[in-house]
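**Student:** Quick one: structure below, then a few questions.
The values are calculated or read from the model by the stated rules, or taken from the named source; none is laboratory data. Note that the coordinates shown come from a computational prediction; the quantities given were computed from them, not determined experimentally. Cβ atoms come from the backbone with ideal geometry, glycine included; neighbour counts cover every protein chain shown.
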Amino acid sequence: MIYSMTGFGRSRKEGAGYSVNVEMRALNGRQLDISVRMPKNFFEFEDSCRKIVSEKFRRGRIDTYVQIESTDIGQKAPRISMVLAQYYWNQLEDVHTWISKGEKPRLEHLLRIPHIYEMPEARIDSETLQGLISGAVSEAVEQVFKMRALEGESLLKDFSARIEAIRSDLEVVRKRAGAVRDEYKAKLDERLKQLLGGTEPDENRLLQEIAFLVDRSDINEEIVRLGSHLDQIESLLSGSKPADGRRLDFIIQELHREANTIGSKTTDMETVGAVVRIKTEIGKLKEQAQNVE
């Protein structure tokens, strides 16, 4: 099985006078990179959020946004400071006495003075709030995880189709391997005859050199290794544990190296065409591997 590195989750929890909203976005990344953004008065809960995220994901950038609001009207609404109200009421009466004319101060005059209002001091119930935040983050994590799993299924189908295409062309290369070797030997033999002209070389020595050069042109070893790498990839994809994207990327690089070696050893048009198609599919596998956790 495989998991994508992209996903999105959202959760909202309310209780005990609080409302907690969490949004989580997962993106591709070489390592696990967790970012938590939280209101400045609630930084004490940041580490617990990071721990919840780190326990579920192995790789990728995880951006987590936490909003916390009080739903308690007693904490949200400003209230009148009786001390300040009394002070300003006295000031209003003093002004009236000093002017000694006009209407007396009324309550509506006092209520127009903004300085008599104050915000209540925030009271944080840490235990209750921790439970709400942990619940919301965990729920968002599960949504991201499910989306990653769903996208992973699409990636798996794409991997399987491309591996099948590579195996098909690898079979073309395998069938041509003997012909490639014979063709190379014939061309080499003909070329040596042209270079030697009418001279008589040491036949045993000549045969040894031809055998050495022909052996260097043999692509059977690369064909076997390429097939083995494909088997490893399929084993990773079909295993009970989630496939490691970094290991997939490494094996795909080895696939590309073997395909390059085959291409450098032959000029057979049918083989070269198959190798080009194989390298194209390997390139697409490499792109997809960047999306695997």
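Okay, residues lined up against (1) assigned to a strand (DSSP E or B); (2) touching a residue at least 24 places away in the same chain (Cβ under 8 Å); (3) buried (at least 19 other Cβ atoms within 10 Å of the Cβ); (4) not hydrophobic (A, V, I, L, M, F, W, C):
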{"position": "His109", "(1), (2), (3), (4)": "no, no, no, yes"}
{"position": "Glu127", "(1), (2), (3), (4)": "no, no, no, yes"}
{"position": "Leu132", "(1), (2), (3), (4)": "no, yes, yes, no"}
{"position": "Ala136", "(1), (2), (3), (4)": "no, yes, yes, no"}
{"position": "Glu142", "(1), (2), (3), (4)": "no, yes, no, yes"}
{"position": "Ala149", "(1), (2), (3), (4)": "no, yes, no, no"}
{"position": "Ala161", "(1), (2), (3), (4)": "no, no, no, no"}
{"position": "Glu171", "(1), (2), (3), (4)": "no, no, no, yes"}
{"position": "Arg174", "(1), (2), (3), (4)": "no, yes, no, yes"}
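**Student:** Looking for whichever is surrounded by fewer than 16 Cβ atoms within 10 Å (Cβ to Cβ), of a type in the set (S, T, N, Q) and touching a residue at least 60 places away in the same chain (Cβ under 8 Å) here; the options are Ser240, Ser264. Which one fits? Quick ask: steps written out before the conclusion?
**Tutor:** Numbers: Ser264 fails: touching a residue at least 60 places away in the same chain (Cβ under 8 Å).
Of Ser240, Ser264, the one residue that is surrounded by fewer than 16 Cβ atoms within 10 Å (Cβ to Cβ), of a type in the set (S, T, N, Q) and touching a residue at least 60 places away in the same chain (Cβ under 8 Å) is Ser240.
**Student:** Going through the stretch 243-260 one residue at a time, which ones are β-branched (Val, Ile, Thr) and touching a residue at least 40 places away in the same chain (Cβ under 8 Å)?
**Tutor:** none
**Student:** Right, another one. Which residues, counting only those in the stretch 243-262, are touching a strand residue (DSSP E or B) at 6+ places or on another chain (Cβ under 9 Å) and either in a loop (DSSP other than H, G, I, E, B) or within 26 Å of Ala274 (Cα to Cα) (or both)?
**Tutor:** Matches in the stretch 243-262: Ala243, Asp244, Leu248, Asp249.
**Student:** Restricting to the stretch 26-53, give me the number of residues that are assigned to a strand (DSSP E or B), of a type outside the set (Asp, Glu), free of Cβ contacts under 8 Å to residues at least 40 places away in the same chain and under 26 Å from Asp244 (Cα atoms). Write out each step before concluding.
**Tutor:** Filtering the stretch 26-53 down to residues assigned to a strand (DSSP E or B) leaves 26-27, 32-37.
Filter once more, so that each one left must be of a type outside the set (Asp, Glu): 26-27, 32, 34-37.
With the extra rule that they be free of Cβ contacts under 8 Å to residues at least 40 places away in the same chain, the set shrinks to 27, 32, 34-37.
Filter once more, so that each one left must be under 26 Å from Asp244 (Cα atoms): 27, 32, 34-36.
The number of residues fulfilling the criteria is 5.
**Student:** Please indicate, with yes or no, whether at least one residue in the stretch 95-107 is surrounded by 16 or more Cβ atoms within 10 Å (Cβ to Cβ), more than 24 Å from Ser11 (Cβ to Cβ) and either modelled with pLDDT of 85 or more or not small (Gly, Ala, Ser) (or both).
**Tutor:** Of the residues in the stretch 95-107, the ones surrounded by 16 or more Cβ atoms within 10 Å (Cβ to Cβ) are 105.
From what's left, more than 24 Å from Ser11 (Cβ to Cβ): 105.
Subsequent filtering for residues that are either modelled with pLDDT of 85 or more or not small (Gly, Ala, Ser) (or both) retains 105.
Within the stretch 95-107, one or more residues are surrounded by 16 or more Cβ atoms within 10 Å (Cβ to Cβ), more than 24 Å from Ser11 (Cβ to Cβ) and either modelled with pLDDT of 85 or more or not small (Gly, Ala, Ser) (or both).
**Student:** Given the criteria over 30 Å from Gln290 (Cβ atoms) and surrounded by 15 or more Cβ atoms within 10 Å (Cβ to Cβ), does Lys13 qualify? Walk me through how you get there before you give the answer.
**Tutor:** Numbers: over 30 Å from Gln290 (Cβ atoms): yes; surrounded by 15 or more Cβ atoms within 10 Å (Cβ to Cβ): yes.
Against the criterion (over 30 Å from Gln290 (Cβ atoms) and surrounded by 15 or more Cβ atoms within 10 Å (Cβ to Cβ)), Lys13 qualifies.
**Student:** Right, another one. Can you list residue pairs whose Cβ atoms sit under 6 Å apart, with the first residue in the stretch 271-293 being within 26 Å of Tyr3 (Cβ to Cβ) and the second being of a type in the set (Ser, Thr, Tyr)? Count only pairs 6 or more apart in sequence or on different chains.
**Tutor:** Asn291/Ser4; Glu293/Tyr3
**Student:** Among (1) at pLDDT below 90; (2) within 20 Å of Ala136 (Cα to Cα); (3) surrounded by fewer than 17 Cβ atoms within 10 Å (Cβ to Cβ); (4) in contact with a helix residue (DSSP H, G or I) (Cβ under 8 Å, 6 or more places away or on another chain), there is one condition Tyr18 misses while meeting the rest; what is its number?
**Tutor:** Here Tyr18 clears every test but (3).
**Student:** Something else about it: Quick check: is even one residue across the stretch 269-292 within 18 Å of the chain's Cα centre (by Cα) and assigned to a loop (DSSP other than H, G, I, E, B)? Steps first, answer last, please.
**Tutor:** We begin by selecting, within the stretch 269-292, every residue within 18 Å of the chain's Cα centre (by Cα); these are 284-292.
With the extra rule that they be assigned to a loop (DSSP other than H, G, I, E, B), the set shrinks to 290-291.
Checked against the condition, which is being within 18 Å of the chain's Cα centre (by Cα) and assigned to a loop (DSSP other than H, G, I, E, B), the stretch 269-292 yields at least one hit.
**Student:** Now a separate question. Condition test on Lys56, is it in a loop (DSSP other than H, G, I, E, B) and either modelled with pLDDT of 90 or more or within 18 Å of the chain's Cα centre (by Cα) (or both)?
**Tutor:** Numbers: in a loop (DSSP other than H, G, I, E, B): yes; either modelled with pLDDT of 90 or more or within 18 Å of the chain's Cα centre (by Cα) (or both): yes.
Taking the combined requirement at face value, the residue satisfies it.
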